[in-house]
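Enquirer: Following this message is one structure expressed as structure tokens.
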Amino acid sequence: MKSDEDSRAPGRRYEAKMKEYDYFTLHYVMVRDRPQGIIRVSKNGRLLIHYQIHERDKQSLREGTKLSARVFFAAGARKVYLNHTDAPVFEHEKQLDIVDRLRADFILSQFK
């Protein structure tokens, strides 16, 4: 069972980030994906979408994420955050090889 302290931890991390908000910028990496999946309408009229991102597209997004981070470090960034609350915070370009070992949802959170 989580303690009250544990349940407040994400909020405290977010609060700490927001104190530095004036120094934040956003970046998005987009790739042209390989079409795969299906879209259909169920018997009761609901739209059903099944999409599985291709492994090469995941790798393209990882490479784009690393490139984007390198640009920010070159411009003087002290930290680079990914768009997932549990993703590591990068404080140096040498750490970016970690991106290759992250679960896909750290890179692809927009598909969740």
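Enquirer: Can you list residue pairs whose Cβ atoms sit under 8 Å apart, with the first residue in the range 58-75 being under 17 Å from Glu91 (Cα atoms) and hydroxyl-bearing (Ser, Thr, Tyr) and the second being modelled with pLDDT under 90 and in a helix (DSSP H, G or I)? Count only pairs 6 or more apart in sequence or on different chains.
Expert: Here the result reads Thr65/Ile107, each pair linking the range 58-75 to a residue that is modelled with pLDDT under 90 and in a helix (DSSP H, G or I).
Enquirer: Step by step: first the residues of the range 78-91, then only those that are in contact (Cβ under 8 Å) with a residue 24 or more places away in the chain and part of a loop (DSSP other than H, G, I, E, B), then the one that is surrounded by the fewest Cβ atoms within 10 Å (Cβ to Cβ). Which residue is that?
Expert: The first filter runs over the range 78-91 and keeps only residues in contact (Cβ under 8 Å) with a residue 24 or more places away in the chain, leaving 81-85.
Within this subset, residues satisfying the condition of being part of a loop (DSSP other than H, G, I, E, B) are 82-85.
Working: Leu82: 19, Asn83: 15, His84: 15, Thr85: 12.
Selected residue: Thr85.
Enquirer: Any idea which of Val29, Val71, Val41 is among the β-branched types (Val, Ile, Thr) and loosely packed, with under 10 Cβ neighbours inside 10 Å?
Expert: Values: Val29 fails: loosely packed, with under 10 Cβ neighbours inside 10 Å; Val71 fails: loosely packed, with under 10 Cβ neighbours inside 10 Å.
So the residue among Val29, Val71, Val41 that is among the β-branched types (Val, Ile, Thr) and loosely packed, with under 10 Cβ neighbours inside 10 Å is Val41.
The values are calculated or read from the model by the stated rules, or taken from the named source; none is laboratory data. These numbers were taken from a predicted model, which means no experiment stands behind them. Here the Cβ is made from the backbone with ideal geometry for all residues, glycine too, and neighbour counts use every protein chain on show.
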